[in-house]
Amino acid sequence: MLDKTIGTDDYNKFCTFLEHQCGIVLGTNKQYLVKSRLSPLLSKFRAESLGEIVNRAMNITERQLRAAVVDAMTTNETLWFRDSYPFEVLVKDIFPQYDGKAGGIKVWSAASSSGQEPYSIAMTALEYQQKKRMGARVNILGTDISPSMLDICKSGVYDSLALARGLSPQRKQQFFEPCAEAGTMRLRDNVRNLVNFRQMNLLDSYSLLGKFDIIFCRNVLIYFSAENKAKILRQFAQALNPDGYLFLGASESITGLSEDFEMQRCNPGIVYRPKKK
């Protein structure tokens, strides 16, 4: 019988390993989360216990298992047009400012999960272009640490459950088309063509990504330690153009973590902008 429990020593070692690998801080008494996320890997990797899974994952020779464990532990909660206000701010304030910008508008969705955020940005851009005839092209990069999530992003195919979360019937009709598989729909090419995806760990360097006008990193920093939050914010400041915009989650704050940004209140919501030097 498979052992789906994890001892305190193994759990503590795994917490240290996970933070080192991808920055996620589990904290105390989250054994239930490890059990729910990693139990499906037992049969796949022919392990008899969760303790075996986590200890093998910490072995540098077990690359496939290690990648699967980090993938499984990555939080992938998302929905279309989450919180709504960032997309309203794009239409009301930001797109008009950048309309006609040479080289287009560069947007980075820094934790794209299964694609709902970057594709929501793309749909917002298309709606704005239709109404205002915006001249600047919007180029969106979506990154995530999870290969399985990026596979979903690149396919652009979503089931009925995913489509029901935050997507209006009008947008579903306008931006999606039916698939051969019952209950699934695929984003139309005009949406998918605005977005490129690549795998990335937010603890790595961003220097090869270039500069962005807009960065979305919402509801992600809450999973990192204060030290890694500060590191990520410092790198965001370097990756943003001087007149750029940073969107964080509604419950996230940079107080005590970064002096590189100033908060700008919008109506509704807030956004962060690089401090003038």
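FYI, it's all coordinate maths here, none of it is from the lab. This one's a predicted model, so the numbers in the text were calculated from it and none came from an experiment. Positions of Cβ are backbone-derived with ideal geometry, glycine not excepted, and every protein chain shown enters the neighbour counts.
May I ask for the net charge around GLU117, where only other residues with Cβ less than 9 Å from the Cβ of GLU117 are counted and Lys, Arg are +1 while Asp, Glu are -1?
Neighbourhood net charge equals +2.
Taking only Cα atoms, what is the 0 to 90° angle, nearest 10, from helix 63-73's long axis to the longest principal axis of the chain?
On a 0 to 90 degree scale, this one is about 60.
Counting only DSSP beta bridges with both residues in the chain, what percent are antiparallel, rounded to the nearest 5?
Restricted to the chain, the bridges split so that about 40 percent are antiparallel.
Please provide three numbers in whole Å: the alpha-carbon extents of region 85-274 along the principal axes, with the largest listed first.
50, 36, 30
With everything on Cα atoms, drop me the angle between helix 116-132 and the longest principal axis of the chain, reported from 0 to 90° to the nearest 10.
The angle comes out near 10 degrees.
Just to confirm the number: angle between the C-alpha axis of helix 226-239 and the first principal axis of the chain, 0 to 90 degrees, nearest 10?
The answer is roughly 30 degrees.
With runs of 4+ DSSP H residues as the only contributors, calculate the mean residue ellipticity of the chain at 222 nm using -39,500 (n - 2.57) per run, divided by the residue total and rounded to the nearest 500.
That calculation yields -11000 deg cm²/dmol at 222 nm.
Quick one, can you get me the convex hull of the C-alpha atoms of region 8-73 expressed as volume per residue in Å³?
74 Å³
Using mean Cβ contacts within 10 Å as the protection proxy, how do 232-242, 168-178 order, highest first?
Highest to lowest by the protection proxy: 232-242, 168-178.
To the nearest Å, what is the center-to-center distance of region 157-228 and region 13-47, using C-alpha atoms only?
Taking the Cα centre of region 13-47 as reference, the centre of region 157-228 is 25 Å away.
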